[in-house]
Amino acid sequence: MSEMNSITVDVVSDVVCPWCFIGQKRLDKAIASVGDVDIHIRWRPFQLDPTIPPQGQDRREYMMAKFGSEQRISEIHARIEPLGEAEGISFAFDAIKVAPNTLDAHRLIRWAGAVGEDVQNRLARRLFQLNFEEGANIGDHGVLTEAAREAGMDASVVETLLPTDADVDSVRTEIATASRMGITGVPCFLLEGKYAVMGAQDADTLADAIRQVAAAKANGELERAD
């Protein structure tokens, strides 16, 4: 495939955002339907709530403080669950006991990107599964290390790095950059660093955007912005 028929999609997301999990599944469908474009995915960090303590907090207490009532929480879950089911996601909200701080998960995703695009994609998907389908605490270093191993990373290196401050500032800078770009909610799909598709759009909408940007790039109408 020629370079002109290749585009990069930066996925700005948080691994505790259910809409980001749905968006990931829809992006996969979109990519599968756009067979004539070589699409490279990069996962970029965003934190829905950076104020959660590093050790996380009780999810039920967190959700009650945020939404005010069990009924409101149930309504939110009931709205999301069938949308997830349509994308092959078995949301298990009741199994999630800890609302984690996702900074370490984003550091891990960053390191996975340095290993390879496929490794980063596998890791991002696994973290979504762990949090939403298995109720695992993705703020826990043991959970993150095992996810790294499953994705094809060197778990011993990850185990050594996680307790340190390695790349904390870099991830926070990336999150701040996203905010400066006007990204206030996730998921956000940034095509060729320039065109943003906001929210968990359906696969057809994403596919159309990918085709349009790929065509503009192929025709020399696009200057890439990093």
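The values are calculated or read from the model by the stated rules, or taken from the named source; none is laboratory data. As the structure is a prediction and not an experimental result, all values here were calculated from the model. Reconstructed Cβ throughout: ideal geometry from the backbone, glycine too, with neighbour counts over all protein chains shown. The area values use the complete protein model at the heavy-atom level, side chains included, leaving out ligands, DNA and RNA. Shrake-Rupley method; radii C 1.70, N 1.55, O 1.52, S 1.80 Å.
Summary table
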read-out	value
Per residue solvent-accessible surface (Å²) - segment 156-213, probe of 1.4 Å	53
Rounded to whole Hz, the Karplus (6.51, -1.76, 1.60) HN-Hα couplings of segment 156-167, x for glycine and proline	5, 5, 4, 4, 6, 7, 4, x, 8, 9, 4, 6
Inter-site label distance for V157 and A95 at 7 Å from Cα along Cβ, in nm	3.1
Unmatched cysteines, the chain - criterion: no other Cβ of a Cys under 4.7 angstrom	C188
Relative contact order (%) - the chain, alpha-carbon pairs under 8 angstrom, separation at least six	32
Heavy-atom accessible area ranking, 1.4 Å probe, most first, across M64, M153, M198, M181	M181, M198, M64, M153
J(HN,Hα) series, segment 11-25, from Karplus relation 6.51 cos²θ - 1.76 cosθ + 1.60, nearest Hz, glycine and proline x	9, 8, 7, 10, 6, 9, 9, x, 5, 5, 5, 4, x, 4, 5
Under 5 Å, built H, 5+ apart or other chain: amide partners of I41	V9
Sulfur and carbon atoms: percent of accessible area, the chain [1.4 Å]	49
Built amide H within the under 5 Å cut-off of A196, gap 5+	L191
Quotient of Cα Rg and 2.2 N^0.38 Å for segment 101-226, N being how many residues it contains	1.20
Share antiparallel - DSSP beta bridges, the chain, percent rounded to 5	55
Helix-derived mean residue ellipticity, 222 nm - over the chain, DSSP H n ≥ 4, -39500 (n - 2.57), to 500	-16500 deg cm²/dmol
Span per principal axis, largest first, for the Cα atoms of the chain (Å)	53, 41, 32
Rounded Å value of the spacing that divides the Cα centres of segment 156-202 and segment 23-73	12
Förster radius 25 Å - calculated FRET efficiency between Y62 and S179 (Cβ-Cβ, nearest 0.05)	0.65
If the convex hull is drawn through the Cα atoms of segment 1-92, its volume per residue in Å³	113
Of every Cα-Cα pair in segment 124-183, the percent that sits beyond 17 Å	52
Per residue, in Å², the accessible surface of segment 1-130 once ligands and nucleic acids are set aside, probe 1.4 Å	46
